[in-house]
Number of protein chains: 2
Amino acid sequence: MAPQLAVRDPLLALSSPRRREIVRLVWSDERSAGEIARAFEVTWPAISQNLRVLKDAGLIKERRVGTSRLYRADRAALRPLESYLRSMWSRNIDRLRLLAEAEERRKSKR
Amino acid sequence: MAPQLAVRDPLLALSSPRRREIVRLVWSDERSAGEIARAFEVTWPAISQNLRVLKDAGLIKERRVGTSRLYRADRAALRPLESYLRSMWSRNIDRLRLLAEAEERRKSKR
DNA sequence: AAAGACTCTGCTTAATTAAGCAATATCTTA
DNA sequence: TAAGATATTGCTTAATTAAGCAGAGTCTTT
């Protein structure tokens, strides 16, 4: 990955289906990076990178406990985008798209 | 692990059987961190930490190639300790001890 | 409009850093 | 000197950083 300079733009951050699904996961519950990673069919670093983008954009908050890092949606910051997110979530488009892509990856690896 | 401030003392670095075995592995051949890790029955980070101690003590040299790091003994720096090392190696005490410890860990985990 | 060159995004693999735990060794001090 | 407190070592688990690759989108230039 390129140097990954901090992206502060919330819209850019939420333009990715993967990141919208992550936000969905931490919308009501605080979750560790590991729990989040397990919910998707990609590697830990892939999730770690997406968490970073969301954090840089100020959309999620991180709290460290022991060796874990817990993430939670920053609802205040997400306020203006909430209805957009809810409509995406309700249609489940993102989730299906990500599953399809995972399937693709599995296939092409074999 | 504590902050791990750089240990520059070669003797201290070589006081560990694990690290003596690592030096043995990279004595004649340059090897990647991964190759070295695979040679032992402990986790990658454990090996990474030991490589760091050896490097800080100036006993091994690191070279980066792509995403890999290659390590090799610094024979010049090891000169005065070479006969000590060779005698340890020839008796294979360290290797056996490490194998025994791995066995221990396996047992106590079950 | 097609062909090639660039850039961007999201991922993988390789390796490290960070925090903490358990066992041992090393200091007190009563 | 036995008993407890404290430090040190070597590991594990959790998570990140670093480098690079492959595919999609965007720009030329012809």
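No lab work stands behind these numbers, since they all come straight from the coordinates. Given the structure is predicted, the values throughout are model-derived calculations rather than measurements. Methodologically, a virtual Cβ is constructed for each residue, glycine included, from the backbone with ideal geometry; neighbour enumeration extends over all protein chains shown.
Quick notes on this structure:
- The amide H of B:ASP74, built 1.01 Å from its N in the peptide plane, has B:ILE60, B:LYS61 as neighbours under 5 Å, considering only residues 5 or more places off or on other chains.
- Teacher prompt: B:GLU103 distances to equivalent labels in other copies, 7 Å Cα→Cβ, nm: 5.0
- Taking chain B and dividing mean pair separation by its residue count, relative contact order in percent (alpha carbons under 8 Å, at least six apart): 31
- Here the convex hull built on the C-alpha positions of chain A has a volume of 111 cubic angstrom per residue.
- Taking θ as phi - 60° and the Karplus parameters 6.51, -1.76 and 1.60, the scalar couplings of region B:86-98 work out to 4, 6, 4, 4, 5, 8, 6, 4, 4, 4, 5, 4, 5 Hz in sequence order, x denoting glycine and proline.
- Our analysis of the protein assembly as shown gives Rg over Rh at 1.12, with the two radii drawn from alpha carbon positions and Rh computed by the Kirkwood formula.
- Here the calculated FRET efficiency for A:LEU12 and A:ARG64, from their Cβ-Cβ distance with R0 = 30 Å, stands at 0.70, rounded to the nearest 0.05.
- Pseudo-label separations to other copies for A:GLU35 - Cα-to-Cβ vector, 7 Å, nm: 4.2
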